[in-house]
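Please read through the structure below; I'll follow up with questions.
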Amino acid sequence: MHASLRILMVAGARPNFLKIAPLLKACGVVGGVEAVLVHTGQHYDDEMSGRFFRELSIPSPEINLGVGSGSHASQTAEIMKSFEPVLERIAPDAVLVVGDVNSTIACGLVAVKAGVELIHVEAGLRSFDRTMPEEINRVLTDAISDLLFCTEESAVSNLRQEGIASEKIHLAGNVMIDSLVGAAEGIAASDIVRRLDLDGKDYVVLTLHRPANVDSREVFAGLLDVLETIQRRAIVVFPAHPRTRRRLEEWNLAQRVAGMPNMLICEPLGYFDFVRLMKSARLVMTDSGGIQEETTYMGIPCLTLRENTERPVTVELGTNRVVGRDPARILSAWEEIMAGDFRHGTVPPLWDGHAAERIVRIIRDHR
Ligand code: UD1
């Protein structure tokens with residue numbers, strides 16, 4: 001039996017925590033791999049970070065770089081500068097990054113330049129829209145990774161088309177779904193539906209935070225026009241991301257939202273509460289990536305308020321419909337779903353709650 005492999009695992013932003021949690025657990029189950037967790041501090045509010053650590057039983061990170069917010073360049077640069085000495089000190093056998101946030105590319109770049117093997121979990125997803133910061137992070141991280149784990153077939157073929165050697169690529173399933181399966185008890189115990197007085201009521205869950213939707217007043221106001229119509233027919237529960245909240249104030253749209261009687265805007269929710277809320281919703285409207293996957297797994301209709309998705313399996317097999325920002329298109333899709341006209345979908349292959357164990361085994365055995 002060879003000595004344990006030491007893997008430095010990086011998490012920085014809310015969706016990262018959901019992906020890292022099952023990987024850390026799997027290290028304990030599989031054996032032969034020791035994980036050291038680094039939090040970059042890209043997200044730092046308790047409601048965007050600490051609460052997720054507690055709910056998902058993620059141990060406090062050994063290292064917190066505490067970089068915080070900033071422009072893309074300064075945030076990425078700060079993460080790189082503070083990660084480099086940590087990497088030197090820990091001297092791991094590999095660095096593992098997840099997803100597509102600035103922390104992902106920043107730490108990935110530092111690792112490969114130091115000659116340390118790089119592992120990317122959730123590799124190969126492509127929206128083919130290079131105006132999205134996440135798309136740039138995905139393409140670049142994949143180009144420099146040594147081991148790439150994919151959630152769906154489309155990601156495998158994207159990587160092959162980009163010339164990445166087949167032996168580096170593994171279709172392993174979806175670690176987000178591992179978290180969802182593992183959290184079943186906490187989700188069932190959430191009393192959010194009662195707390196928000198939604199028992200037995202028709203409601204929609206809405207999330208919006210993509211720069212393309214909330215960083216332009218015109219686009220954001222256009223979406224609010226549609227939501228104004230929708231909230232006349234069903235309650236819209238809108239846990240607002242800090243970026244979104246700030247834009248509402250900046251663009252003078254907060255009052256408009258406050259004037260919509262059935263729009264229930266609230267702070268970002270914890271994981272258990274949020275998933276519980278989705279479970280009893282008529283549908284979910286979102287521009288998030290992870291939520292497209294979670295709704296597909298749970299068989300809840302999802303309208304994606306973007307022009308594209310990097311997760312096509314959620315459309316091909318799941319419950320997702322990509323409807324963009326055109327009011328007429330959003331409204332007609334909404335009408336159809338409310339009338340019961342939607343596909344219940346199936347769960348994509350390998351989204352079975354065991355992706356992290358498969359990944360850790362491959363990491364342990366691949367040398
Ligand atoms: C980041 C990811 C995005 C992911 C999202 C999930 C990148 C490029 N984007 O976007 O892919 O879907 O996280 O939330 O990495 N803020 C707080 N408190 C926090 C964190 C952020 O108030 O704990 C505010 C700050 O004003 C900050 C803004 O939110 O400037 C944006 O945060 P940032 O980390 O830059 O990107 P997100 O929009 O969260």
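The values are calculated or read from the model by the stated rules, or taken from the named source; none is laboratory data. What you see is a predicted model, and the numbers here were worked out from it, not measured in a lab. As a convention, Cβ positions derive from the backbone with ideal geometry for all residues, glycine included, and neighbour counts pool all protein chains shown. Accessible surface is based on the protein model in full, side chains and every heavy atom, while ligands, DNA and RNA are left aside. Shrake-Rupley method; radii C 1.70, N 1.55, O 1.52, S 1.80 Å.
Regarding the stretch 258-270, can at least one residue be identified that is assigned to a helix (DSSP H, G or I) and either within 16 Å of the chain's Cα centre (by Cα) or within 16 Å of the ligand (Cβ to nearest atom) (or both)?
Checking the stretch 258-270: not a single residue is assigned to a helix (DSSP H, G or I) and either within 16 Å of the chain's Cα centre (by Cα) or within 16 Å of the ligand (Cβ to nearest atom) (or both).
Follow-up. Please list, ordered by first then second residue, the pairs with beta carbon atoms under 8 Å, 6 or more apart or interchain, first in the stretch 200-212 and without any contact (Cβ under 8 Å) to a residue 12 or more places away in the chain and in a loop (DSSP other than H, G, I, E, B), second open to solvent by less than 40 Å² (accessible area, probe 1.4 Å) and away from the ligand (no atom under 11 Å from the Cβ).
none
Moving to a separate point now. Kindly indicate whether residue 85 is at pLDDT below 95, open to solvent by 20 Å² or more (accessible area, probe 1.4 Å) and either among the small types (Gly, Ala, Ser) or outside the structural domain of residue 243 (by TED's automatic domain parsing) (or both).
It is false that residue 85 is at pLDDT below 95, open to solvent by 20 Å² or more (accessible area, probe 1.4 Å) and either among the small types (Gly, Ala, Ser) or outside the structural domain of residue 243 (by TED's automatic domain parsing) (or both).
List the pairs whose first member sits in the stretch 55-73 and is within 16 Å of the ligand (Cβ to nearest atom), whose second member is open to solvent by 60 Å² or more (accessible area, probe 1.4 Å), and whose Cβ atoms are under 7 Å apart, counting only residues at least 6 apart or on separate chains?
Note: pairs meeting the criteria are 67/78; 68/44; 70/78.
Can you pull out every residue in the stretch 101-132 that is in contact (Cβ under 8 Å) with a residue 60 or more places away in the chain and surrounded by fewer than 17 Cβ atoms within 10 Å (Cβ to Cβ)?
Answer for the stretch 101-132, where residues must be in contact (Cβ under 8 Å) with a residue 60 or more places away in the chain and surrounded by fewer than 17 Cβ atoms within 10 Å (Cβ to Cβ): 128, 129, 131.
Let me ask you something else. Run residue 138 past the list (1) open to solvent by 10 Å² or more (accessible area, probe 1.4 Å); (2) within 16 Å of residue 311 (Cβ to Cβ); (3) in contact with an Asp or Glu (Cβ under 9 Å, 6 or more places away or on another chain) and report the number of the one that doesn't hold.
(1)
Among what's in the stretch 99-143 and is basic (Lys, Arg) and under 17 Å from the mean Cα position of the chain (by Cα), pick the residue that is nearest to the ligand (Cβ to nearest atom).
Here the residue is 138.
Separate question: For the stretch 18-77, give me each residue that is surrounded by fewer than 15 Cβ atoms within 10 Å (Cβ to Cβ) and closer than 20 Å to residue 211 by Cβ.
Of everything in the stretch 18-77, those that are surrounded by fewer than 15 Cβ atoms within 10 Å (Cβ to Cβ) and closer than 20 Å to residue 211 by Cβ turn out to be 45, 68, 69, 70, 71, 72, 73, 74.
In addition: Does the stretch 1-53 hold any residues that are among the acidic types (Asp, Glu) and closer than 15 Å to residue 94 by Cβ, and which are they?
Scanning the stretch 1-53 gives a single hit, 34.
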